[in-house]
């Protein structure tokens, strides 16, 4: 209603003048409307099919990218697995070295303890010898002192 009133107003005031371009525009508009009505659904189906193909291609490209990334990740994991053998060998060597170090420390500790005990035994034997020697010296001194008579003592004093 508004469109018709507006069109009549523009024609009556000669704001819009009808000429050959108006008829050409009307005929072109009619052809466009007819084409849309006639070919629209098939063109829409074709466009949907192209869109589906594009979506399928996008899905395919995405899947290919995902699979390529998976291949790269798998190669990286295989590389890590190869390196893991070296890592385990290094850890095994470290454990062996730690065990060897502990063994040598304990061996050193045992050696020191045995040396301390042997040193103790040597000192004990030296002590026994010294005590026996002192006892012998004391016994000899006492025997000599007992064997000296009072006359021998006076004779020794007179010599001096």
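Binning at 10 angstrom from zero up to the longest distance, how are the C-alpha pair distances of the range 46-109 distributed in percent?
In order of increasing distance, the bins hold 18, 19, 16, 14, 11, 9, 7, 4, 2, 0 percent.
Would you kindly calculate the translational diffusion coefficient of the range 101-153, applying Stokes-Einstein with the Kirkwood radius from alpha carbon pairs, for 37 °C and a viscosity of 0.692 mPa s, and quote it in µm² s⁻¹ without decimals?
223
Kirkwood hydrodynamic radius (Cα pairs, Å) of the range 63-160? Let's see the in-between values first.
Numbers: mean 1/r = 0.0451 Å⁻¹.
Result for the range 63-160, one decimal place: 22.2 Å.
In deg cm²/dmol, rounded to 500, what helix-only [θ] at 222 nm does the chain give when every DSSP H run of at least 4 residues adds -39500 (n - 2.57) and the total is split over its residues?
Helix contribution divided over all residues of the chain: -35000 deg cm²/dmol.
FRET efficiency for residue 16 and residue 64, Cβ-Cβ distance as r, R0 = 35 Å, nearest 0.05?
0.05
Using alpha carbons only, how many degrees (0 to 90, rounded to 10) separate the axis of helix 2-12 from the longest principal axis of the chain?
It works out to around 50 degrees.
Could you check which residue among 111, 22, 149 shows the biggest mean-square fluctuation in a GNM of the chain with a 10 Å Cα cutoff?
149
Taking Cα atoms of the range 5-112, Rg/Rh with Kirkwood Rh, to two decimals?
Numbers: Rg = 41.5 Å, Rh = 23.2 Å.
Rg/Rh for the range 5-112 comes to 1.79.
At a Förster radius of 41 Å, what calculated FRET efficiency corresponds to the Cβ-Cβ distance of residue 114 and residue 136, to the nearest 0.05?
0.80
Where does helix 150-159 land angle-wise versus the long Cα axis of the chain, in degrees 0 to 90, nearest 10?
With rounding to tens, the tilt is 90 degrees.
Since every read-out is calculated from the coordinates, none of them should be taken as a lab result. Being a predicted model, the structure only gives us computed values, none of them experimental. As a convention, Cβ positions derive from the backbone with ideal geometry for all residues, glycine included, and neighbour counts pool all protein chains shown.
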